[in-house]
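So the structure is just underneath, and the comments pick up after that.
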Amino acid sequence: MMEKLKDFKITPENSYYATGKRKEAIARVWLLRDHPNTFIVRSDKTKKEYNLRDYVQRETLFNKIMYPFKLTGHEGKFGIYATVRGGGISAQAEAIMYGVAKALLQHNPDLRPTLKKAGLLTRDAREKERKKYGQMGARAKYRWSKR
């Protein structure tokens, strides 16, 4: 059975908070000390809570989210509660990963060199380029015709 947010209380005493971003996706992440191996995601689109593994659907994305824990040796010590908005599943998963890494820093600042070396503290700043007026898209132009 999946735990729901109403089953427990998130407070600054029992959790660590951080925000992760990737493309258009924004994830607010809480690491839960009292509920290890509880992984809950609340989607802003559907207004529902999901099990993290069911929400991201792909094992590779789930492993990406868990990578900061594996890297620092904190597997099974924390649970995750995250709210996500914007972007697609892949970008949201990476946003959660960045949020987890930043929240681990709140827990233990000594993990900084390990996370920094793995590139988990550097936000991937690539964004979608805006569409320009008089063009089909960001770079694609309308076909030119002489007559």
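Data table
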item	result
Residues of the range 100-138 that turn out to be part of a loop (DSSP other than H, G, I, E, B) and of a type in the set (Val, Ile, Thr), as a count	1
Some residue of the range 104-112 being on the phi > 0 side of the Ramachandran plot and more than 14 Å from the chain's Cα centre (by Cα)	no
Conditions (1) in contact with a Phe, Trp or Tyr (Cβ under 9 Å, 6 or more places away or on another chain); (2) touching a residue at least 24 places away in the same chain (Cβ under 8 Å); number of the one not met by Glu75	(2)
Leading residue by the ranking (least open to solvent (accessible area, probe 1.4 Å)) among those in the range 43-99 that are assigned to a helix (DSSP H, G or I) and basic (Lys, Arg)	Lys64
Filtered residue count, the range 116-138, keeping only those that are touching a helix residue (DSSP H, G or I) at 6+ places or on another chain (Cβ under 7 Å) and either buried (at least 20 other Cβ atoms within 10 Å of the Cβ) or free of Cβ contacts under 8 Å to residues at least 12 places away in the same chain (or both)	1
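The values are calculated or read from the model by the stated rules, or taken from the named source; none is laboratory data. No experiment lies behind these values; they were computed from the predicted model shown. Glycine gets a Cβ as well: all are built from the backbone with ideal geometry, and neighbour counts include every protein chain shown. We work out accessible area using only protein heavy atoms, side chains counted, and drop any ligands, DNA or RNA first. Shrake-Rupley method; radii C 1.70, N 1.55, O 1.52, S 1.80 Å.
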